[in-house]
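A short reminder: the numbers here are calculations on the coordinates, not readings from a lab. What you see is a predicted model; the values in this text were computed from it and never measured. Reconstructed Cβ throughout: ideal geometry from the backbone, glycine too, with neighbour counts over all protein chains shown.
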Amino acid sequence: MIMKGKRGVVLGIANKKSIAYGIAKACRDQGAELAITYLNERFEKKLAPIAEELGCAERLYPCDVSKPEEIKALRASLEKDFGKIDFIVHSIAFAPKEGLSGRFMDISKEAFDVAMDISVYSLIEVTRELKPILSNNASILTLTYYGGVKYIPNYNLMGVAKAALEMTTKYLAEDLGSDGVRVNALSAGPIKTLAAAGIGDFSFMLKWNAAHAPLKRNVTIEDVGNSGMYLLSDLSAAVTGEIHYVDGGYNIMGMPAVEFDEDSKPTIAWNGESN
């Protein structure tokens, strides 16, 4: 089994539709021992059955990344239960509602600061705090999206946060490379998750991606989970600082794939059906 003997922590599972859950399950299926975190008491109740399924019911820890003391407590718990860990999955992002709608220039400084703190700085803080308990050749993985590279409608502030997160990934990769620690980001195509529910017209985004990706479909939690597992395993031992796309190839497209009707008017094909 690819992850046999590996131990790691996954931050950011909300439910079984979460990308983080897909990665955790893939790692568990390949033999990894896991610990997972929850944001607050409400999520603790939701995650208890998932922790049981993943074999880590006794390693379900609180961790609100806006509270440094909880990150420190997470390190103490991991060190007590595991000693050293081999991987970290950072699947945490947040932007206030005002940052995901309206005109971009109207976003408040308060909303900007919150999004950058939770979505970006938390990766730095978690890495710094857990670094002393990382094993040799450890791997850190965070989650991003194409909206950090190109304009995506309604993604607004989160797009700027993801752009910062991707550069943070690269700088951390260089900073930690001499210690044998790898840092990568996985850029998944649109998936129906709890976080995606806050993005306007998300159903249209799903249709658009499926129509224009070379594979002509949207990705699944299993697709992303397996790719995340690869980046956390020794199979990717020489891979660091990368933004790894799992989006059916959508990111390579420079022009939408359109069809034309008999009047030479463009139409868009959704999985072979014209709308």
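Structure summary
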read-out: Along each principal axis, Cα extent of the stretch 90-137, largest first, Å; value: 46, 16, 12
read-out: The chain - share of DSSP beta bridges that are antiparallel (%, nearest 5); value: 15
read-out: Kirkwood-type radius of the stretch 7-274, with distances r between different C-alpha atoms, in Å; value: 19.2
read-out: Spin-label model distance (nm) - ALA73 vs ASN136, 7 Å beyond Cα toward Cβ; value: 3.5
read-out: Förster-model FRET efficiency, 30 Å R0, GLU98 and ALA57, C-beta, rounded to 0.05; value: 0.20
read-out: Cα-centre dipole for the chain with unit charges at Cβ (Lys and Arg positive, Asp and Glu negative), debye to 20; value: 380
read-out: Residues ARG128, ARG217, ARG59 arranged by fewest to most Cβ contacts within 10 Å; value: ARG128, ARG217, ARG59
read-out: Unit charges at the beta carbon, dipole of the chain: most positive-side option, THR144, GLY177, LEU100; value: GLY177
read-out: Fully extended contour minus Cα-Cα distance, from MET255 to LYS192, at 0.36 nm per residue; value: 20.2 nm
read-out: Helical contribution to [θ] at 222 nm, DSSP H n ≥ 4, -39,500 (n - 2.57), averaged over the chain, rounded to 500; value: -11500 deg cm²/dmol
read-out: Order of ILE92, ILE118 under a 10 Å beta carbon neighbour criterion, fewest first; value: ILE118, ILE92
read-out: Rg/Rh ratio calculated on Cα atoms of the stretch 1-131 (Kirkwood radius); value: 1.01
read-out: Gyration tensor (Cα) of the stretch 129-185, equivalent ellipsoid semi-axes in angstrom; value: 27, 9, 8
read-out: Charge context of ILE124, other residues only, Cβ under 13 angstrom, K/R +1, D/E -1; value: -1
read-out: Separation between Cα centres of the stretch 80-110 and the stretch 148-171, rounded to whole Å; value: 11
